[in-house]
Amino acid sequence: MKLTKYNHSLHSRYYLDEDDECFYFMEHQPGGYSASPSNSQISNLKKPISAKGSTQWKWKELAISQFIQDLKSLELSSENVVIVVPGATSKPRESSNFDSRIDQVVDGVFENHKSFQVEYLIEAKNEVIPANYGGSRKKEDIKKNTKWNGFNGTVYETVIIIDDVLTTGSHFKAWKEIIKENAPEVKRIIGIFWALHVF
């Protein structure tokens, strides 16, 4: 699947500026899971933890595998080490309700790649309602509920944040600001999303 660069003039987002670097593979349409194949993929990826053990769970696992495959097609320079970060979900990692889908995607792509360093820099402090179920999309709310875990390895100049859907850009912007505030050595922060929501 082809990776597309977010174009601010075509898909303006309140929280994003022209200097924000974001990329996506497909477009997520209004209208629910049946509106498009992309919607179906995202719906499957976001199936809740409560579906585990049911016949629905295999569709989530297939969506995770497909996201991994799409990310493997990335043509990023291997000359310099970059840091890859899973986007934070609405639950802390220690929560029984934590959905590890993005962690799994990041681990699946970059596990043995010498030019990437995986870091779990951010996560939710408290359980909140997911944004796609009516939770806050305000950047300041997201920042207040995002825990900074810090680096376990060397800090490099480029960080890539992986997440599922770019909607308003508030989550990416909040995470970008948190990284810059805590790690000024990082010079470039890129967002790579499976889909861009088209309003």
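Expressed per residue, the C-alpha convex hull volume of the chain stands at 122 Å³. Per-residue Cβ neighbour counts within 10 Å put TYR133, TYR15 in the sequence TYR133, TYR15, beginning with the fewest. For the chain, the share of DSSP beta bridges that are antiparallel, to the nearest 5, is 20%. Going from the fewest other Cβ atoms within 10 Å to the most, the residues PHE193, PHE110 appear in the order PHE110, PHE193. The ranking of TRP175, TRP59, TRP148 from fewest to most other beta carbons within 10 Å of each one's beta carbon is TRP148, TRP59, TRP175. Calculated mean residue ellipticity at 222 nm for the chain: -8000 deg cm²/dmol, from DSSP H runs with n ≥ 4 weighted as -39500 (n - 2.57), summed, divided by the residue count and rounded to 500.
Quick note: the coordinates plus some simple rules give every number you see, no bench work behind them. This structure is a prediction, so every number in the text was calculated from the model and none was measured. Here Cβ is always computed from backbone atoms with ideal geometry, including for glycine, and neighbour counts include all displayed protein chains.
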